[in-house]
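Some notes on the structure that comes next.
The values are calculated or read from the model by the stated rules, or taken from the named source; none is laboratory data. All values derive from a computational prediction rather than experimental measurement. Positions of Cβ are generated from backbone atoms using ideal geometry, with glycine treated the same way; all protein chains shown enter the neighbour counts. Protein only, heavy atoms only, side chains kept; ligands, DNA and RNA dropped before computing areas. Shrake-Rupley method; radii C 1.70, N 1.55, O 1.52, S 1.80 Å.
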Amino acid sequence: RVFVRSGLNYLTGLCYIFIGIIVFLMKPYYRASTVFYLFCATFGALLFFLYKVSELRPFWFGTVHIFLYAFTPAMFIHLALSFPERRSIINRHPHLQVVPYVLSAILFIGMRSASREMLGMPKFWYLLLMAYFIPSVLFYLLSCFYSWLRAPSPIARARAKMILLGSAITASLPLADTIANAFFNVYLVPGFNYYVPFLLVFPIVIAFTIIKHNLFDIDAAIRRTFGYVLVTMGIALMYTLFVYLPTLFLGKPVSQSPVYL
């Protein structure tokens, strides 16, 4: 029961962290790959806590939850300034990258002072969080849209187009449901598990763009290896689902059937 209610979001968070680690290992300490990894780690960890099944233990997990909510908007803004293209304004004024984190730190201190966990957060602080969170996501989408229109090279525009498409699909339902819930107290879907298909689009598009359009300018040999790893994992996942899902629903192992071979 716990897995059905929260496990899918947890696995989705692991997918984000996994793609962030893979990108960082393929292009270590590169500015864009480092920012991308930090974003994936923060947002992926936030997905761990997205659906609260019961009281979080130990209690300091509540503080971690608030921290992730407060700093994820800063990661969206930092990602928009560095990915898929580094903005020229950052080269002229590098200190601007720090401003979103200062705002997040102030927000975190205020939220943590008001409540020990997100579930008991006063309405004022929650709306203040949403007033920072939602524009940060829209800012990232606009940044991708700008790169698609104004990137200097065709390959950069192709990358931005794919990332914009994946990001827009990923953000569509979760963002609309969050806005409806925060400001109109209306839920568009019954639960967070309905977000999962949308949230998975972003890491899939990133993986495709790495292989197809050489995102992050990764060496060809490493990129091919990454493609083989993804294909192998996909086949293993399909095989596992094919073996275990019929067993789960039919109550008998399908692999014992003479048709299976």
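Determine whether the stretch 65-73 contains at least one residue that is open to solvent by less than 70 Å² (accessible area, probe 1.4 Å), in a helix (DSSP H, G or I) and closer than 20 Å to Y146 by Cβ.
Yes: one or more hits.
Quick one: which of A41, A80, A45 is part of a helix (DSSP H, G or I) and touching a residue at least 40 places away in the same chain (Cβ under 8 Å)?
Just a single option satisfies the conditions, and that option is A80.
Run down F242, F208, F192, F249 and say which single residue is modelled with pLDDT under 85 and under 28 Å from T72 (Cβ atoms).
Every option except F192 fails the conditions.
Considering only residues of the stretch 21-44 that are open to solvent by less than 20 Å² (accessible area, probe 1.4 Å) and touching a Ser or Thr at 6+ places or on another chain (Cβ under 9 Å), which is nearest to L119 (Cα to Cα)?
So, considering only residues that are open to solvent by less than 20 Å² (accessible area, probe 1.4 Å) and touching a Ser or Thr at 6+ places or on another chain (Cβ under 9 Å), the one nearest to L119 (Cα to Cα) is G44.
Let me confirm something: among F216, F226, F198, which residue is open to solvent by less than 30 Å² (accessible area, probe 1.4 Å), in contact (Cβ under 8 Å) with a residue 24 or more places away in the chain, assigned to a helix (DSSP H, G or I) and touching a Ser or Thr at 6+ places or on another chain (Cβ under 6 Å)?
F216
Tell me which residues, restricted to the stretch 175-188, are open to solvent by 20 Å² or more (accessible area, probe 1.4 Å) and on the phi < 0 side of the Ramachandran plot.
L175, A176, T178, I179, N181, F183, F184, V186, Y187, L188
From (1) open to solvent by less than 50 Å² (accessible area, probe 1.4 Å); (2) at pLDDT 85 or above, pick out the condition that doesn't hold for K161.
Only one criterion in (1) open to solvent by less than 50 Å² (accessible area, probe 1.4 Å); (2) at pLDDT 85 or above is unmet by K161, namely (1).
Taking the stretch 1-20 as the search range and keeping residues that are open to solvent by 50 Å² or more (accessible area, probe 1.4 Å) and of a type in the set (F, W, Y), which one is modelled with the highest pLDDT?
Among those that are open to solvent by 50 Å² or more (accessible area, probe 1.4 Å) and of a type in the set (F, W, Y), it is F18.
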